[in-house]
Amino acid sequence: MDREYSMTYPTAAVLMAIRHGHRYGFDVMDATGLPDGTVYPILRRLERRGVLTAAWEDEAKAHREQRPARRYYRLTAKGQATADEALARFPALRRIFVAPDRGADPRPA
Amino acid sequence: MTKGPGSWLVDAASLLVPSGRRDQWRREWEAELAWAWQRHARQGESGLGARLRLTVRAASCVTDAIHERREGMTMTGMWNDVRFALRGLLRNPGFTAIAVLTLALGIGANTAVFTLVDGVLLSPLPFPESDRLVSISHLGRDGQDKLPVSTGLYLLYREQVKSMEGIALHQGAGLNLALDENDPIRVDGQFVTPSFFDVLEVQPALGRAFTGEDARPTGTPPTTVILSEGLWRRAFGADPAVIGRSFVMSGTNRTVVGVMPAGFGYPTRATQFYLPLAIDPATAPIAGFSADGIARLGPGATPESLGKELTGLIARLPEFYPGNGQVTFLASVGLAVTVSDLKESIVGDVTRALWILLGTVAFVLLIACANVANLFLVRAEGRHRELALRAAVGASRAAVIRPFVAETGVLALLGGALGVAVAAAAVRVATALAPSDIPRLDEVAIDPRVLGFTAAVTLLAAALFGMLPVIRYGRADLSSQLKEGGERGGTGRHRVRHALVIGQVALALVLLVGSGLMLRSFVALRSVDPGFDPEGVLTARIVIPNGEISDNLASAEFFRQLITRLEAQPGVEGAGAVRCVPLSGLCGLGDVTVEDHPRGDDEMPIMAAQTSAEFGYFEAMGIDVIEGRGFERGDGADGTPAVVVSESFAKRWWPNGSALGRRIGGGGPDQWLEIVGVVADVHQEGLDVPAQDLVYFPAVLGANGQFFGSRTMDVVVRVAGDPTSFLPVLRREVQALQPRIPISNPRTMTEVFATSTARTSFTMVMLATAAGTALILGLVGIYGVISYVVSQRTREIGVRMALGASAPAVRGMVVRQGAVLAGVGVVLGLIASAWLSRVMGSLLFGVSARDPITYGGVAAALALVAVLASWLPARRAAGVDPAIALRNE
């Protein structure tokens, strides 16, 4: 696969967080414990390179909860492969992530 | 819907995000913040601590925004800038439309006029190495008379001059083509020396050029002809087998020996055929200036060096022709030779008008740029916060000005593209309107050179209107400057804007003065008394070739019979014939022998314009007979030896007595014609050229049974009602007399009159169009600036009104501001006009370039409309409700 970016620890952490269901910017910040200012730039870069894809959550649902619709990220096929590679490089990451609290973090339909 | 704390940070940082992604970006951050705040609230953490934590987290959006910005710029660079600029412009359709249209108008006008300038003045003549082609002509009587070349001098120059490769003569010719017996046509062409095609370095596409044999003097009309491609196509069906075949043209059997390539034509592309010009060295006159001369310079020669060589030859004329009377005559009129670049001699007098026109539209472009620059400044100020933020987070100067540059580029590109379309339409209109005597008009086209010019003009325009924001925001101390500007409202900005308005008014005034002067010239020209009455007069040229009627008296009799027949037609008030009608140019200029004013050998001969007329002419043309009578039936060398002179000729030679009964030489020795009438002066060359001394010889001259008459005459008919409706009758009567003789160039004298004012009216219309555009753009500028100032001062105006200022006082204050700007602009414009209008001198007629009426009128009118333009915003200002104005602040 192409290596258009360096697989750093923060990148690997963001990828693993998303694979484990943390799909929103602030969730990823919380799950990875990375400095707030670094997460979004990584998300954007991965999105631009086709590792991640982003979509807007269902408007009606957000409306019922009286908040604006959020933008969620998920791995593409290329992203799955990249995440595997990340895990191979930083095996310790496997232990950090647990599935998010389903009640507080509704998965998009 | 709740917003999380720190969303103001998102609002602010979003300005950094490229505008194309900004909305999505902001939505994402706001949603995250709202969601997080909701969760905090649900967990009962809505205190200051939670609020602070979330705000700190929100602050990370600034790094995200900066990354976004950098990514957008580095990834696809300029293309992204352009895309964002396009989107920004589309979101502001009003601004974009006005800016693009204004630019298109300015760029289009410049492109259109440059197309004319390029086609007529700049592009080389369509001949190989055309910069080596020169025109040769002569001047007599210290430059008073412009003379072409005589065949005698042509032979001398051809023999003696070293610094030219070749010299040729050409002379107007006409042929009556009767390929279809019932529909003879008259075609115009040229007699040319065989060297003609070598000098121009163009050879026939079919057949051959003329040889010395074709031009051998035989005393009979030439029997070979070369056709233009157009005539070959039109009259001979583009038949290649035409070469070598003979046709009757003007009564003589002539063999077609060649066909010129398509597009070739000299002196104009309308030239339809070429006949060999035969010169007999034994009889070629030295002083009979009858043909135009062109030459090709030899290597290293210049028009000046050739001129010097020819001048040397003229000084040595007595050596070449000892004892020749014509040489003495030439010396007495101080003959001088002029060699000029051929292109210059062709386009000569339209040069100045076209350059002035180009200068004029350049002014329009400047005004247009000032308007767009103004709009741009207002728009840039609307983005103050965004710029301040960008500067605050350390955006480089380049990063700050890039969006401006991109917007400038996009606007200029759109304006330039639309401008080319505007130009294409304008060129079509202008060439249709342009007087037919503007040379090379048929060569005018929008070509790659023109498009190159348009690109350059567009670039220049972009630099002009895009420069101000770049200068303003491209400085090193951007952030401090923005802070100041933001706080104090920026008096500097107003100053720039005011300067732009003043400049616009001044430029508009210069253009209005220019078109005002042209208008006054046109009016003056129209009010010149031409000396005849053009209403209801039809004229057409008839040429009788030797081949059709060989006897001279018989050909004169043809005209006399025609006049008699025409007079008998119903509705005809008068009929006559003359060698060339007024306002169509001189048809002869030469020395005149006056019996009681004999000239010695060392005296200047008496020079006068000369023409020939048949009976009925003065009545038909409406030329007043001041003394005596006009020509009558029976006048002429074959009857009563009568001659008629113009008033100025009579006054010059017999200032205290009557000219009647005096005698003028009739050509032969001891042959005198008696002056039987003095008629009013007519303008022969043009309304702007003073009427010359004119002698009307009878149509038939000669003596002792040897008569010669003019075989080319303009028949003149005055009818009641529309003269053009008489044309079929004229044609019928000519055919009835001699079916193979066509009539050519039928025109009403009203048309001839209009043609004579055509250049002035064309220049006037073009300048007026430019000035009108400038005026509208200038007014839009004033209106825009005053409106903007009013909107900025709403609060101040509210305070004034709350303190008791009346509505009229507020209106007055605003209008005064507009009036001051306009006033300064008008004063500067007047100064510039006085300086610039000098270049118009030669285009003007009957009005000084500093005509106080024009200057005063234009200044007053411009000031008035400028005040009106500020009246609208003033009315709005006076309608401000102080309570609302103050509350809004």
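What to note about this one:
- No other residue among B:Thr268, B:Thr252, B:Thr218 is modelled with pLDDT under 85, within 32 Å of the chain's Cα centre (by Cα) and of a type outside the set (Gly, Ala, Ser) apart from B:Thr268.
- Among the conditions (1) within 9 Å of chain A (Cβ to nearest Cβ); (2) buried (at least 16 other Cβ atoms within 10 Å of the Cβ); (3) at pLDDT 85 or above, B:Glu68 misses just one, which is (3).
- Any hit, the stretch B:378-392, residues being at pLDDT 85 or above and in contact with a Ser or Thr (Cβ under 6 Å, 6 or more places away or on another chain): no
- In the stretch B:337-382, the residues that are assigned to a helix (DSSP H, G or I), of a type in the set (S, T, N, Q) and either surrounded by fewer than 18 Cβ atoms within 10 Å (Cβ to Cβ) or touching a Pro at 6+ places or on another chain (Cβ under 9 Å) (or both): B:Thr351
- Scanning the stretch B:729-756 for residues that are surrounded by fewer than 16 Cβ atoms within 10 Å (Cβ to Cβ) and among the basic types (Lys, Arg) yields a count of 2.
This table checks each residue for (1) part of a helix (DSSP H, G or I); (2) at pLDDT 85 or above.
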| residue | (1), (2) |
| --- | --- |
| B:Gly409 | yes, yes |
| B:Pro435 | no, no |
| B:Thr454 | yes, yes |
| B:Pro469 | yes, no |
| B:Glu484 | yes, no |
| B:Gly492 | yes, no |
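- Of the residues making up the stretch B:146-204, those that are among the charged types (D, E, K, R), at pLDDT below 85 and touching a Ser or Thr at 6+ places or on another chain (Cβ under 9 Å) are B:Lys146, B:Arg186.
- Test for B:Arg51: is it more than 8 Å from chain A (Cβ to nearest Cβ) and in a helix (DSSP H, G or I): yes
- Restricting attention to the stretch B:1-48 and to residues that are in a helix (DSSP H, G or I) and among the polar types (S, T, N, Q), the residue that is farthest from the other protein chains (Cβ to nearest Cβ) turns out to be B:Ser19.
- Within the stretch B:247-305, tally of residues that are among the basic types (Lys, Arg) and in contact with a Ser or Thr (Cβ under 9 Å, 6 or more places away or on another chain): 2
- As for the stretch A:76-94, it holds no residue that is within 12 Å of another protein chain (Cβ to nearest Cβ) and either in contact with a Phe, Trp or Tyr (Cβ under 7 Å, 6 or more places away or on another chain) or aliphatic (A, V, I, L, M) (or both).
- Test: residue in the stretch B:295-311 that is in contact (Cβ under 8 Å) with a residue 60 or more places away in the chain and over 35 Å from the mean Cα position of the chain (by Cα): yes
- Remark: B:Gly323 matches the filter, which requires a residue to be part of a loop (DSSP other than H, G, I, E, B), without any contact (Cβ under 8 Å) to a residue 24 or more places away in the chain and exposed (fewer than 14 other Cβ atoms within 10 Å of the Cβ).
- The set of residues in the stretch A:13-27 that are within 13 Å of another protein chain (Cβ to nearest Cβ), in contact (Cβ under 8 Å) with a residue 40 or more places away in the chain and assigned to a helix (DSSP H, G or I) comprises A:Gly25, A:Asp27.
- Scanning the stretch B:424-458 for residues that are polar (S, T, N, Q) and within 16 Å of B:Asn110 (Cβ to Cβ) yields B:Thr454, B:Thr458.
- All positions within the stretch B:148-170 that are in a strand (DSSP E or B) and either surrounded by fewer than 22 Cβ atoms within 10 Å (Cβ to Cβ) or among the aromatic types (Phe, Trp, Tyr) (or both): B:Glu165, B:Gly166
- Matching residues in the stretch B:31-46 - criterion: being crowded, with 23+ Cβ neighbours inside 10 Å and charged (D, E, K, R): B:Glu32
- Every condition in (1) within 30 Å of B:Thr760 (Cβ to Cβ); (2) in contact with a Ser or Thr (Cβ under 9 Å, 6 or more places away or on another chain); (3) modelled with pLDDT under 85 holds for B:Ile367 except the one numbered (3).
- Residue that is nearest to the chain's Cα centre (by Cα), among those in the stretch A:34-49 that are more than 9 Å from chain B (Cβ to nearest Cβ) and in a loop (DSSP other than H, G, I, E, B): A:Leu34
- Members of the stretch A:50-80 that are exposed (fewer than 15 other Cβ atoms within 10 Å of the Cβ), part of a helix (DSSP H, G or I) and either free of Cβ contacts under 8 Å to residues at least 12 places away in the same chain or within 12 Å of the chain's Cα centre (by Cα) (or both): A:Glu59, A:Ala60, A:His63, A:Arg64, A:Ala77, A:Gln80
- Taken together, the residues in the stretch B:259-303 that are polar (S, T, N, Q), assigned to a loop (DSSP other than H, G, I, E, B) and within 19 Å of B:Pro148 (Cβ to Cβ) amount to 3.
- Inside the stretch B:640-671, residues that are touching a residue at least 60 places away in the same chain (Cβ under 8 Å) and outside any strand (DSSP E or B) make up a count of 1.
- Within the stretch B:85-98, the presence of a residue that is surrounded by fewer than 18 Cβ atoms within 10 Å (Cβ to Cβ) and within 14 Å of chain A (Cβ to nearest Cβ) is excluded.
- Single unsatisfied condition, B:Leu105 versus (1) surrounded by fewer than 17 Cβ atoms within 10 Å (Cβ to Cβ); (2) more than 30 Å from B:Thr255 (Cβ to Cβ): (1)
- Residues (of a type outside the set (Phe, Trp, Tyr) and surrounded by fewer than 23 Cβ atoms within 10 Å (Cβ to Cβ)) located in the stretch B:644-662: B:Glu647, B:Ser648, B:Lys651, B:Arg652, B:Pro655, B:Asn656, B:Gly657, B:Ser658, B:Leu660, B:Gly661, B:Arg662
- The one condition from (1) in contact with a strand residue (DSSP E or B) (Cβ under 7 Å, 6 or more places away or on another chain); (2) at pLDDT 90 or above that B:Leu553 does not meet is (2).
- Number of residues in the stretch B:596-606 that are over 21 Å from B:Gln692 (Cβ atoms) and at pLDDT 70 or above equals 3.
- Restricting attention to the stretch A:81-93, the residues that are free of Cβ contacts under 8 Å to residues at least 24 places away in the same chain, in a helix (DSSP H, G or I) and either on the phi > 0 side of the Ramachandran plot or not hydrophobic (A, V, I, L, M, F, W, C) (or both) total 1.
- Residue within the stretch B:577-595 that is in a helix (DSSP H, G or I) and either modelled with pLDDT of 85 or more or under 38 Å from the mean Cα position of the chain (by Cα) (or both) present: no
The values are calculated or read from the model by the stated rules, or taken from the named source; none is laboratory data. Here the structure is a predicted model, which is why all the values come from computation and not from measurement. Note that we place each Cβ from the backbone using ideal geometry, even for glycine, and neighbour counts take in every protein chain shown.
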